[in-house]
Amino acid sequence: MKQYKLVIFDWDGTLMDTIGKIVDCMQSVALELKLPIPSELQVRDIIGLSILPAMEQLFPDFEDNYDTLLAAYKNHYLHLNLTPTPLFDGVESLLNQLQQSGKILAVATGKRREGLDRLLNETGFSKYFSATRSADEAASKPHPSMITSLLAQLNIAPEQAIMIGDSKLDIAMANNAGVDSIGVTYGAHSLQDLLTQHPTVTVDSPAEMLMHL
């Protein structure tokens with residue numbers, strides 16, 4: 001089994017169960033702005049993208065008013081929508097065990113820096129991650145720049161790193177960066193969707209990741 005030095009995690013749908021809230025908020029924004037309401041599957045399909053490309057895909061006829069969309073989405077996500085977003089069972093134990101074993105941990109997420117920092121502070125997870133990349137610091141997934149910039153910052157070769165995510169965009173980003181990947185089946189995209197991008201391995205829970213790391 002390959003010994004990885006760097007383990008990179010996606011956030012939404014991988015560490016934290018935010019999928020239901022994202023779906024609810026996107027549908028509520030559409031209702032508020034009198035736009036066609038996307039289906040749950042349509043919203044799940046854009047999870048992993050940075051917010052602007054996600055909005056462009058869901059609401060292509062609203063291109064001159066994306067600032068309005070973004071403001072409405074932020075208001076729903078932070079203030080109006082009360083859908084809980086718990087950490088997945090076993091996540092903190094996983095991060096603690098990986099850190100104790102000497103792994104370097106990082107995050108590559110479609111969240112903006114403001115949102116990522118808020119959640120890192122709320123969860124207390126800043127202590128686990130040596131570096132993080134957000135949507136406003138790199139090109140949107142599946143472009144490899146989130147991963148390649150982390151590799152450069154941490155001085156890690158691609159063959160020593162692995163990306164873990166719940167979206168086919170995460171797996172495609174890993175492929176584009178030349179790193180191995182773990183697709184998690186409990187998040188946004190189905191096993192069948194993940195397999196289209198040929199992850200190194202798939203798992204059904206955070207605890208199952210340990211045997212591959």
For Lys34, are the conditions met, namely being outside the structural domain of Ser134 (by TED's automatic domain parsing) and part of a helix (DSSP H, G or I)? no
With the checklist (1) modelled with pLDDT under 95; (2) of a type outside the set (Val, Ile, Thr); (3) loosely packed, with under 14 Cβ neighbours inside 10 Å in hand, flag the one item Lys74 doesn't pass. (3)
Thr132 - would you say it is in a strand (DSSP E or B) and of a type outside the set (A, V, I, L, M, F, W, C)? yes
If you go through segment 1-31, how many residues are in contact (Cβ under 8 Å) with a residue 60 or more places away in the chain, out of contact with any Phe, Trp or Tyr (no Cβ under 8 Å at 6 or more places or on another chain) and in a helix (DSSP H, G or I)? 2
Grab the strands (runs of 3 or more DSSP E) fully contained in segment 141-207, keeping just those with 2 or more residues being closer than 22 Å to Ser93 by Cβ, more than 15 Å from the chain's Cα centre (by Cα) and not assigned by TED's automatic domain parsing to the domain that holds Ala108. none
Would you check which residues across segment 101-125 are assigned to a loop (DSSP other than H, G, I, E, B) and buried (at least 20 other Cβ atoms within 10 Å of the Cβ) and list them? Thr109, Gly110, Lys111
Look at Ser93 and say whether it is modelled with pLDDT of 95 or more, farther than 18 Å from Ile47 by Cβ and surrounded by 14 or more Cβ atoms within 10 Å (Cβ to Cβ). no
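The values are calculated or read from the model by the stated rules, or taken from the named source; none is laboratory data. A quick note: this is a predicted structure, and the numbers were derived from the prediction, not measured. Please note: Cβ atoms are built from the backbone with ideal geometry, for glycine as well, and neighbour counts cover all protein chains shown.
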